[in-house]
Amino acid sequence: MTRPIDHFEKEHAAHHDSALDVMGGVTEQPIVNPHFTRPRRRRFTTEEYVAGILAQDVTILAQAITLIESNNPDHYAQAQEIIEACLPHAGKSIRIGITGVPGAGKSTFIEAIGGMVTKEGRKLSVLAIDPSSGRSGGSILGDKTRMESLTANPDAFIRPSPSAGSLGGVARKTRETIVLCEAAGYDVIFVETVGVGQSETAVHSMTDLFLMLQIAGAGDDLQGIKRGIMEMADMMVITKADGENILRADAARVQYQGALGLFPLPESGVRPKVYTCSSVTGNGLENVWNGIRDYLTHVRSNGYFDRNRTHQNNYWMRETIDATLLGRFYNDPSIAHRLSSVEDEMRAHKITPFAAANELLERYFQE
């Protein structure tokens, strides 16, 4: 469109020989090309997704994981079909949960030991769980930027996922994502959690070994983590054991090893060991990886490995049932209609929370 002529221009339009004469200008171009259309990504069929995953196509694997993580009800059915088709090809990896206090260097540790894993001819998948904002629901998803060498490694697949407010910072669909990564040929799965908390049970219930990272010299070492977390740990590693921190790390190792010795023998039959390492210099990393292999060899031989996976399958079946019932309850139209009025009655102290819950549950089950 042509720029409109203002009052000043009209006043001097007749004086062509005036220095104040203003030209009308040129027609402005549209900011966005009207002929541009954003190409739509073709949605694959279930068979195409499964074939791509089994062919170890990283792009299709990533798109399938996105489909699984989607909250769109239209994606749920296809996601379940993909998981079921991949299930016979899964279960052949070792699953390692990695948690630790903030600042323990989880990403740096994973990158360092991950390089060792791939040099052995293994394929590594890192499922890095990023904390979601409680207000906006968004996540930074910056783990890939902290694992530059591992990101460029063709034998490694890094997938940052938002925790989406789920239990213990573990993404709601991580369990299904593990199945897809195993079907794609990844035989070592690392699940990096947000950090230490009382809900780290979720990580423990989807991995074969629960690895706890801790740092030395940050106050009273034995107060750094809670007893519940220590009881879940199958192995503990004191990181940043380099330079002047070597002696402090070794002292912390002795303290933690003594504390773990006071706990009853775990069901696995393996007393947790404490190691020290430096992800920067590489010192101690080989000992940590050998310790992981020794643990897995032991639990395979005594039958705990298979029993643990069976127990985990039962656990996640029950968790799925709970989540499904909860979603259906709140999405029920009659519940949604009555819920706001019940909340108003509680605010006015006309009904107790327990009575309100019972009323809503009776309403739901009577339908």
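The values are calculated or read from the model by the stated rules, or taken from the named source; none is laboratory data. Model, not experiment: these values are computed from the prediction. Positions of Cβ are generated from backbone atoms using ideal geometry, with glycine treated the same way; all protein chains shown enter the neighbour counts.
Results, tabulated for the structure shown:
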item: Filtered residue count, the range 259-289, keeping only those that are hydrophobic (A, V, I, L, M, F, W, C), assigned to a loop (DSSP other than H, G, I, E, B) and out of contact with any His (no Cβ under 6 Å at 6 or more places or on another chain); result: 5
item: Among the candidates S334, S278, residue that is farther than 28 Å from G115 by Cβ and either touching a Cys at 6+ places or on another chain (Cβ under 9 Å) or not β-branched (V, I, T) (or both); result: S334
item: The range 58-82: number of residues that are among the acidic types (D, E) and farther than 15 Å from V179 by Cα; result: 1
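For every residue, the table says whether it meets (1) surrounded by fewer than 22 Cβ atoms within 10 Å (Cβ to Cβ); (2) more than 16 Å from I96 (Cβ to Cβ); (3) modelled with pLDDT under 90.
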residue: G165; (1), (2), (3): yes, yes, yes
residue: G169; (1), (2), (3): no, yes, yes
residue: R172; (1), (2), (3): yes, yes, yes
residue: Y186; (1), (2), (3): no, no, no
residue: E192; (1), (2), (3): no, no, yes
